[in-house]
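Worksheet: one structure, shown below.
What follows is calculated from the coordinates using simple rules that are stated; it is not laboratory data. It should be emphasised that the depicted structure is a prediction, and the values quoted were computed from it without experimental measurement. Every residue, glycine as well, gets a Cβ built from its backbone with ideal geometry; the counts of neighbours run over all protein chains shown.
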Amino acid sequence: MAVRILPQGKAARREMGWFWFFVGPWVFGFFVFTLGPILASAYLSFTRYNGLRGNPKWIGIENYTNLMENPIFWKSLQVSAYYTLLSVPLGIFFSLMLALTLNQRVPFLGVFRTLFYLPSIMPAVAATLLFVWLLNPQFGILNYFIRTLVGNDGLIPLGVEPPMWLQDAKWVIPSFTLISLWGFGGGMLIYLSALQGVPTHLYEAATIDGAGYFKRFWHVTIPMISPVILFTTITGVIGSFQVFTPAWVITGGTGAPNYQSMFYVLYLFVNAFRRNRMGVAAAQAWLLFIVVLILTVVFLWASRRFVYYESESGGRF
Amino acid sequence: MAEATSTQQYPQKTGLRALMGNQKYQQRALSIFCTVLLIVGALIILFPIGWMVSTSLKTRFEAIQFPPTWVPLNPQWHNYRDALLNPTNPFPRYFYNTMFYSLTVMVAEMASCAFIAYGFARLRAPGKDALFLLVLATLMLPSQVTLIPQYILFTKLHGLNFLGVDWINSYTPLIVPHLFGSSYLIFLLRQFYRGLPRDYEEAGLIDGANYFGIWWRIILPLSLPALGAVAILSFMFHYADFLGPLLYLNENAKYTLSLGLQQFRAPFGGTVYHLLMAASLATVVPPILVFFLAQRFFIQGIVVSGVKG
């Protein structure tokens, strides 16, 4: 075990003082805006409190037991889990494929990179409203395409009736996934720079050993970028469990149709700030925290077999 | 003899087969295939933005007409005036509010993160690694856990008239937490600082400067590219921020663009898409401009913090 040798003496003590001088603001902010609220949130989750007047009233685990019997709570967990299962793997797949394509000595790399990244910088509200228009069941352009291609009087008359997208109980989560996939250029940037960091001598060695494109991809590229895939998977899962803005803009908090888009955080927000049930919402927040924590640990644990770190410390921050 | 053995390795092929087997040709074919794929992909990805532009210039009737017209018959430029300059949705006001909010937070975050990151990057102290792990851990923390108590905290501060400013229905609660740094940007700057040579500090110390002087006079000027990345990431994030303003602002005149835009749907029953698209397009222009002007910083920022996670 390596023991870090810290410098001793007066100079070291002075350096230590300066360290706390510089990180002091963060430490203060951490206590006031992060740690304090985390603990307060834990306490609130055992109380009944409307956040307006009076004090929180201790009610034990009632908020938690009520949530366990609340079908909307379970629905919201299910909606977010379904959305995560759909949007995270698809997002990673498309971003990675795009990055691989861009990495094939194509002309105008910079132009393509910019164009594919463009949707990612659209503010969420504007992007969501745009898709509300594109996915409009009657006047939306997507359904126009579907009808013209495979509708009753279409080019290939298969008689397909296009879905109602955001108003369709079966299609609402795939519609949200479509909105999130539009921003897949964000992941592409990260993968592209990871791909460019794979040493070329590895590919040369593999080629000499007779490996074709697919084998080089599977045995060189994937292992070399696996830490980045793990990182994007974890942040992707955490992010998709926290989806709020599109759901709020589209449904105004109702989770329409029939709670099929009642995302976890949407229900939390409605409970906290529209129904003033702070205690219940705090319990929801803590349960989310625990779910995210468990998922992160599971991913890190399961990935030990699949993720390759070049050196002991190389893959970590 | 040597030449003979080397040619033997490649069996003679003729015509197309020989061409297909050629490494150079394969590379060219792959490159062309990928380029075609990228052009098709880019057209699909950019289509929604094009459709947004097209709809924003149509009349109410033309916007919902079948079959749709790709290019507006008679571009209705006044749609922009109608959407942005009506008294119920004062977009110039929203724009001013959004700029005030995102630029203030941007400056606050640049200053605080540059300061804090220096401590984590260059100074040694017991417990530093553990503290930095805590910084990274807060990145993973769902913000909803702190949202409710923070809201209650600001309500209480408002009730106490703390520091004599409004803590509710104001930008104070949206700005103040950023004075103490943001984990993501601290992480980004720390990565950058660590790449700078240590000699600067040693030279500075020998010349009698203290660490604050070294940071202010040597490290900060050297880290302008990284600060550019921080500035743009921060600006873009807060320009688009929705949850914070939704929670803390409850007066039309104080709304940001995102709030105003969302509000815009209701009075028209969500059907006046040509005006909605005009307003949406107007709100996406500033971030797109910033992105094109400062793309290098932006991509650098995302790549540095994304890959080395």
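Of all complete DSSP H helices in chain B, those with a Cα span along the helix axis of 20 Å or greater and a mean Kyte-Doolittle hydropathy of 0.5 or more are B:23-56, B:91-122, B:144-159, B:224-240, B:273-293. As a rough footprinting exposure proxy, the listed residues A:Phe289, B:Phe212 were ranked by other beta carbons within 10 Å of their own, and the order from fewest upward is B:Phe212, A:Phe289. Sorting B:Phe66, B:Phe132, B:Phe100 by the number of Cβ atoms found within 10 Å of their own Cβ, with the fewest placed first, yields B:Phe66, B:Phe100, B:Phe132. A cut-off of 5 Å between modelled amide H atoms, ignoring neighbours fewer than 5 places along the same chain, links B:Asn86 with B:Phe91. What aspartates and glutamates sit close enough to A:Lys215 to cross-link, taking a C-alpha to C-alpha distance under 20 Å and skipping anything fewer than 8 places away on the same chain? Partners found: A:Glu204, A:Glu310.
Using C-alpha pairs below 8 Å separated by at least 6 residues, the relative contact order for chain B is 29 percent.
Spin-label model, B:Ile288 to B:Leu46: label points 7 Å out along the Cα-to-beta-carbon direction sit 1.1 nm apart. With a cut-off of 14 Å between beta carbons, the residues surrounding A:Pro56 carry a summed charge of +4, where Lys and Arg count +1 and Asp and Glu -1.
Assuming 0.36 nm per residue, please report the length gained on full extension of the stretch A:Thr296 to A:Phe108 beyond their Cα-Cα distance.
Here the segment from A:Thr296 to A:Phe108 would lengthen by 63.9 nm.
How high is the relative contact order of chain A? Use alpha-carbon pairs under 8 Å, at least six apart in sequence, and give a whole percent. In percent, rounded to a whole number, it is 26. Mean residue ellipticity at 222 nm, helices only, chain A: -19000 deg cm²/dmol; runs of at least 4 DSSP H residues each add -39,500 (n - 2.57), and the sum is divided by the number of residues. Extending 7 Å from the Cα toward the beta-carbon at both B:Leu222 and B:Leu85 defines two label points whose distance is 5.2 nm. Arranged from fewest to most other beta-carbon atoms within 10 Å of their beta carbon, A:Leu158, A:Leu96 become A:Leu158, A:Leu96.
If you take the square roots of the eigenvalues of the alpha-carbon gyration tensor of chain A and sort them as a ≥ b ≥ c, do you get rounded (a/c under 1.5), prolate (a/b over b/c) or oblate?
oblate
Determine which residues of the range B:89-119 fall in the zone a paramagnetic label at B:Leu134 would reach in this model, i.e. backbone nitrogen under 17 Å from the point 7 Å along Cα→Cβ. Within reach of a label on B:Leu134, which here means backbone N under 17 Å from a point 7 Å along Cα→Cβ, the range B:89-119 contributes B:116-119.
Each of A:Thr148 and B:Leu141 was given a label point 7 Å from its Cα along the Cα-to-Cβ line. The distance between the two points is 5.2 nm. Paramagnetic label reach from A:Ala11 (point 7 Å along Cα→Cβ; backbone nitrogen cut-off under 13 Å): within the range B:105-129, residues B:124.
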